[in-house]
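Enquirer: Pasting a structure below so you can have a look.
Please treat every number below as a calculation from the coordinates, not as lab data. Quick caveat, the model's predicted, so the values are computed rather than measured. Glycine gets a Cβ as well: all are built from the backbone with ideal geometry, and neighbour counts include every protein chain shown.
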Amino acid sequence: MEFIMTARNKEQENIDYLPLKEHGLKASIDVVGGNGSIKNPFQVKVVINNENKINWSGVIHLELKFNKVSPRYFMPAFMYGRNRGECPQNVPNEFPRFREEIKRPSSPSWMVRSDRLSHPVALVYDSNKIYGFCASPYFINKNGMKQQWKPEVDSEFYQYAGYTCSLEKGTIGYTLGYENAPWLFIKSHDVRERTSLSENCFELEPGEIIEVAMEVYEFDAKSELDINPVIEEVYYRYHQKPRKASDIKTTVEDLSLAVYQDAWLPEDSSYSGQVFENENSGDYRYNKIISITWTNGLSVATPILMAALRLENESMREQALACITNIVNNSLNSVTGLPFGAYDNGKWSNYGWWFDGMHTPGHSSYLIGQALFYILKAYDYEIKIKNCHHEEWLAFVNSILMKIEKTKNTDNEYPFILSEKTGAGIEYDSFSGTWCMAALAYYCYLTGDKSHLDSLMKSERHYYETYIKHMECYGGPLDTDKATDSEGILAYIKAIRFIHALTGEKIYLQHMKDAMDYEFSFKFCYNSPIKVPPLSKNRWSSCGGSVTSIANPHIHPMSSNIVDELLYLVKNTEDKYVKARMLDTIGWGCQTYNTYDKEFDYGKKGWMSERFCHSQGLLSERYSDGSLASTWFCLMPWASGSIIEGLAGDFWEVN
């Protein structure tokens with residue numbers, strides 16, 4: 001293995017990284033064990049000495065070179081392959097992309113603060129080999145000595161590390177101190193230039209020595225999926241449990257009551273997309289943004305129905321049923337027979353809050369498929385717990401599914417967008433249609449109708465081979481310009497559960513595990529040392545929460561809605577790793593909302609938002625005094641619904 005060591009001094013007038021000797025620094029690198037395999041990586045010890053007679057302050061960069069041919073980089077929650085750098089990039093939503101030339105938002109190299117990654121590991125897949133390393137995400141000060149943090153060591157935070165990757169040089173790297181370069185992406189419409197070195201520096205006193213440990217990987221691989229066993233090993237090395245807050249029943253009760261009491265819009269038979277509280281008067285302001293599902297509608301109503309059934313709250317149940325019934329009775333486009341995606345001022349249409357960020361107008365398979373899935377789940381739970389049959393819901397779902405099935409292309413992929421004039425598929429190349437696959441699989445499971453099973457299996461094979469096998473699923477949600485994301489995979493996981501239940505074929509359990517591993521790559525394995533309130537003062541835990549996408553780099557609760565599926569895989573495989581991840585997901589959900597009024601500096605008991613800023617990403621909300629806040633100060637019912645769905649489903653009975 002070959003290493004490159006350089007540094008940039010705080011006093012430099014340029015941004016160049018120069019050899020260590022030009023900074024008065026000296027380093028040694030020794031391989032003290034291991035063979036580079038997944039279970040036994042090379043153990044590399046780096047010792048850095050400040051030989052100057054004065055303090056040195058800057059960023060020290062350690063890069064691992066590999067034999068570059070056609071590399072695909074994987075830095076969990078930040079970089080997947082080339083981050084869509086192969087695709088047109090002049091789109092409204094900017095996110096880091098990899099290209100040979102530098103043209104925003106693309107660059108041939110990237111540097112990023114460690115907490116942008118969900119796991120402290122950087123990996124490359126190239127020519128049937130995997131190269132990479134794992135190293136601590138930050139440094140602590142213990143008894144006056146700077147050292148890398150380990151989960152078993154509790155001491156004062158000193159400084160973040162950083163991770164780097166270079167297509168230009170064929171390297172992945174680790175930094176003491178950090179930079180966000182060439183740009184810092186706060187969010188897709190807030191991209192900032194590289195800044196001068198200041199609070200991001202690592203400082204060494206005269207004669208001070210710092211030791212750095214790295215675990216280095218180099219092994220043969222069949223596909224990009226082989227990065228996942230490495231991520232699993234890193235998980236166990238750095239894992240911390242989420243903090244203990246509420247229990248499952250209390251969490252479901254707190255969250256559902258808050259939505260039931262504070263977010264219902266009786267004149268619209270729906271829930272508000274956001275609820276804001278006036279600090280002075282205590283009155284509520286509603287940002288309705290009503291949609292059929294996703295950020296509103298059925299993604300709220302079905303979980304609230306589940307909670308109502310579990311808690312035996314009939315008034316809450318009637319409220320949820322009113323929302324579902326309204327959608328079934330009124331949302332259809334009479335021209336296409338497909339449901340519209342949004343509602344405003346008495347009119348159904350496809351002009352939702354996301355519309356102007358799209359490239360093609362029309363019906364969305366993401367919204368249609370998800371809506372059908374949640375109608376089926378409501379149908380299922382009404383029968384299972386209340387013995388109440390809603391056959392009109394089943395007929396509604398069947399009618400739409402049969403129309404959607406006819407729109408698949410020759411790859412057996414569902415459309416991304418369908419014409420609102422004819423219902424034909426007019427845009428493809430996305431993972432969002434897996435919600436249609438999930439809805440059809442659930443329908444077949446509930447009804448026992450296997451006539452569409454062959455079609456389901458062909459679609460599943462396409463999505464697996466085209467997206468999951470390469471660890472790059474894009475085009476799920478509608479607001480990211482088809483950035484790589486963690487949302488669409490949830491639908492595939494739900495679909496594969498029912499495909500396995502229908503067929504009993506073990507291959508689908510393996511595909512389910514591979515899909516979950518992809519989702520786990522976005523899910524934090526440790527509790528990041530957050531520095532911005534309210535998350536910092538609450539000691540809120542990042543472990544168990546998943547980053548949304550490479551375009552929306554914050555933790556949000558959507559992945560909490562697959563607890564049923566995680567439990568299904570655990571029961572069928574007894575996989576201890578999946579079980580551990582499931583328990584993290586459950587624990588995260590029980591501590592990420594107001595367990596009492598204003599616990600997160602806003603709102604009532606049971607309120608939660610969708611936004612949890614574990615890093616600099618999406619750090620844009622502000623307190624009244626202008627200082628930054630690490631969450632959004634509003635109730636967002638879909639976020640509550642994701643937690644409720646996970647806790648009030650099958651795990652409720654196990655628990």
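Enquirer: Which order results if Ile290, Ile210, Ile368 are arranged by neighbouring Cβ count within 10 Å, fewest first?
Expert: Ile210, Ile290, Ile368
Enquirer: Within straight cross-link reach of Lys288, meaning Cα distance under 26 Å, which lysines are found once same-chain residues fewer than 8 apart are removed?
Expert: Reachable lysines: Lys187, Lys347, Lys377, Lys482, Lys598, Lys604, Lys605.
Enquirer: May I pose another question? Which value results for Rg/Rh of the range 405-445 when Rg is the Cα radius of gyration and Rh the Kirkwood radius based on the inverse mean 1/r?
Expert: Rg/Rh for the range 405-445 comes to 0.98.
Enquirer: As a test of the definition: which semi-axes, in Å, follow for the range 29-110 when you take the square root of five times each eigenvalue of its alpha carbon gyration tensor? Largest first, please.
Expert: Working from the Cα gyration tensor, I get semi-axes of 32, 22, 11 Å.
Enquirer: For Asn287 and Lys537, what is the calculated FRET efficiency with R₀ set at 30 Å and r taken between the beta-carbons, to the nearest 0.05?
Expert: 0.65
Enquirer: Gap in Å between the Cα centre of the range 610-628 and the Cα centre of the range 206-271?
Expert: 19
Enquirer: Could you tell me how far the Cα centroid of the range 343-408 sits from the Cα centroid of the range 137-161, in Å?
Expert: 50
Enquirer: Less than 18 Å apart at the alpha-carbon level, and either on another chain or at least 8 residues along: which lysines does that give for Lys571?
Expert: Correct list for Lys571: Lys494, Lys506, Lys513, Lys579.
Enquirer: With N set to the residue count of the range 259-402, report its C-alpha Rg divided by 2.2 N^0.38 Å to two decimal places.
Expert: 1.06
Enquirer: Write down, largest first, the equivalent ellipsoid semi-axes of the range 514-562 in whole Å, where each equals the square root of 5 times an eigenvalue of the alpha-carbon gyration tensor.
Expert: Those come to 21, 11, 9 Å.
Enquirer: Just to compare against my own numbers: the Cα pair-distance distribution for the range 1-48, 5 Å bins, whole % per bin, please.
Expert: For the range 1-48, the pair-distance distribution reads 5, 17, 22, 17, 13, 11, 9, 5, 1.
Enquirer: Can you divide the C-alpha Rg of the range 300-345 by 2.2 N^0.38 Å and report the result to two decimal places?
Expert: Output field value: 1.37.
Enquirer: May I pose another question? Cα-Cα pairs above 45 Å in the chain: how many percent?
Expert: 18
Enquirer: Next question, about the same structure. Which whole number in µm²/s is D for the range 314-393 by Stokes-Einstein, with the Kirkwood Rh taken over Cα pairs at 20 °C and 1.002 mPa s?
Expert: 153
Enquirer: Give the calculated FRET efficiency between Glu205 and Glu505 to the nearest 0.05, with a Förster radius of 51 Å applied to their Cβ-Cβ distance.
Expert: The calculated FRET efficiency here is 0.25.
Enquirer: Oh, and also: Can you run the Rg to Rh ratio on the range 34-162? Use alpha carbon positions and the Kirkwood inverse-distance Rh.
Expert: On the Cα set of the range 34-162, Rg over Rh gives 1.01.
Enquirer: Measuring from a point 7 Å past the Cα of Asn55 along Cα-to-C-beta, which residues in the range 200-221 have an amide N at less than 16 Å?
Expert: Correct set: 200-209.
Enquirer: Compute the projected area of the convex hull of the Cα atoms of the range 421-563, averaged over all viewing directions, and report it in nm² to one decimal place.
Expert: 10.6
Enquirer: Hey, another quick one. Give me the Debye-computed log₁₀ of I(q)/I(0) at q = 0.15 Å⁻¹ for the range 2-236, equal point scatterers on Cα only, no solvent, two decimals.
Expert: -1.05
Enquirer: Could you give log10 I(q)/I(0) at q = 0.26 Å⁻¹ for the range 280-359, computed by the Debye formula over C-alpha point scatterers of equal weight, without solvent?
Expert: -1.19
Enquirer: Could you work out the Kirkwood radius for the range 391-461, taking every pair of different alpha carbons, averaging 1/r and inverting it, reported in Å?
Expert: 12.5
Enquirer: Can I ask one more? For the residues Ser109, Ser615, what sequence is obtained by ranking on other C-beta atoms within 10 Å, fewest first?
Expert: Ser109, Ser615
Enquirer: Output needed for the range 526-649: three equivalent-ellipsoid semi-axes, defined as square roots of 5 times the C-alpha gyration tensor eigenvalues, in descending order, whole Å.
Expert: 27, 15, 12
Enquirer: Please arrange Ile140, Ile493, Ile383 by counting, for each residue, the other beta carbons lying within 10 Å of its beta carbon, fewest first.
Expert: Ile383, Ile140, Ile493
Enquirer: Which log10 I(q)/I(0) values, to two decimals, does the range 129-227 give at q = 0.13, 0.16, 0.22, 0.24 Å⁻¹ under the Debye formula with one point per Cα?
Expert: Evaluating at q = 0.13, 0.16, 0.22, 0.24 Å⁻¹ gives log10 I(q)/I(0) of -0.64, -0.90, -1.21, -1.27.
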